[in-house]
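In what follows, a structure is listed as structure tokens, so that the remarks can point back to it.
The values are calculated or read from the model by the stated rules, or taken from the named source; none is laboratory data. This is a predicted model, so every value here is computed, not measured. Cβ coordinates were reconstructed from backbone atoms using ideal geometry, including for glycine residues, and neighbour counts include every protein chain displayed.
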Amino acid sequence: MFRLVRDRQGAALAPQGSVVCIGAFDGVHCGHRALLNRVRERAARLGAAAVAVSFEPIPREYFARSSPVSRLDDVRGKIRQIAGLGLDMLMLLRFNAGMASMQAGEFVEQVLVQRLAAREVWVGADFRFGHNRQGDVAFLREMGGRHGFATEVFPEFTLGGQAVRSSVIREMLARGDFMGARHLLGRPFKIGGHVVRGRQLGRKLGYPTANIRLGRRTSPVNGILAVRVHGVAEHSMAAVASLGARPTVAGVEPLLEAHLFDFDGDLYGRRIDVEFVAKLRDEEKFDSLESMVEQIGRDAEQARALLAPSNPVFQPDFADDRGRVRSSGASA
């Protein structure tokens, strides 16, 4: 049974010992999954618990609080992805002032030794930890020699010669390369949430929208997009969406607004997932609501055409072996 643990102090969690991997795991992409699968396999061979150790907020998010950091997934998605890989435990530590000031040796002794009875610890080659990032692989191996665990370095994971990193995927999403990002993620990029009431402006303008607040999350995606919405019907529904601050109507908080084609119903309170398929354009400020509505009409028409069954390029699961769209003429 999968177990979620939030505290770094307390009784031993793995009396039989554990095989541990440590990382931010933002997006739980193909490289992360390869590492997590390796840990699960090693744990099964050793008769130990398979454990992932991660942090929320992720460290770079904590240290950049004055400037928003984009994320590939929220904490709920990270937990769901890791749990689905068959690990025994996710230790999701609260990254706060106490964690930021924790010495590297203290982390090893308190978390890896006392709490997890680690037998193997798997990290990336550039792994750094502890106050001022003082701990590295060499330090981890030195501590392992003292406490009886092995330190293993997982090599950088590549697909078709492309290094699979969260930063690379965020860059792909920012420039609208959703098929490339999907290839490295191993799944489509989505943002999910519960539909909330907005100002009802879209309905008044003839384009009612299902609205999702991003809360503290910063998305790597923005602009006007062709999307598919999951969670409304048995199949996904084509839609056109806006993700941003809505400058024409003096929006404040970033909002994801999706207008579902050929749908008229009440979605308030329902959880939906919005899958990004193609970027149509950047956000812009219009001189009037009339000119904005005219452009929305053009956006909706373009999104319909891209997502239509007659257009094979943007149908689900249609990609070449590099995960990119086959027809450059249909690129967003």
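Odds and ends about this structure:
- Filter result for Q103 (surrounded by fewer than 18 Cβ atoms within 10 Å (Cβ to Cβ) and either out of contact with any strand residue (DSSP E or B) (no Cβ under 7 Å at 6 or more places or on another chain) or among the basic types (K, R) (or both)): yes
- Residues satisfying the stated conditions in region 122-139, i.e. within 24 Å of the chain's Cα centre (by Cα) and in a strand (DSSP E or B): W122, V123, G124, F129
- Test: G77 is more than 22 Å from R170 (Cβ to Cβ) and either touching a residue at least 40 places away in the same chain (Cβ under 8 Å) or not β-branched (V, I, T) (or both): no
- For region 8-63, filtering for residues that are more than 23 Å from R141 (Cβ to Cβ), of a type in the set (G, A, S) and crowded, with 18+ Cβ neighbours inside 10 Å leaves 1.
- Under the condition of being modelled with pLDDT under 85, surrounded by 11 or more Cβ atoms within 10 Å (Cβ to Cβ) and farther than 17 Å from T218 by Cα, the residues counted in region 246-265 number 3.
- Here R119 meets the list (1) under 16 Å from H29 (Cα atoms); (2) outside any helix (DSSP H, G or I); (3) of a type in the set (K, R); (4) in contact with a Phe, Trp or Tyr (Cβ under 8 Å, 6 or more places away or on another chain) almost entirely, failing just condition (1).
- Residue match in region 215-222 (condition: crowded, with 21+ Cβ neighbours inside 10 Å and not in a loop (DSSP other than H, G, I, E, B)): no
- Single unsatisfied condition, L4 versus (1) touching a strand residue (DSSP E or B) at 6+ places or on another chain (Cβ under 6 Å); (2) assigned to a loop (DSSP other than H, G, I, E, B); (3) not charged (D, E, K, R): (2)
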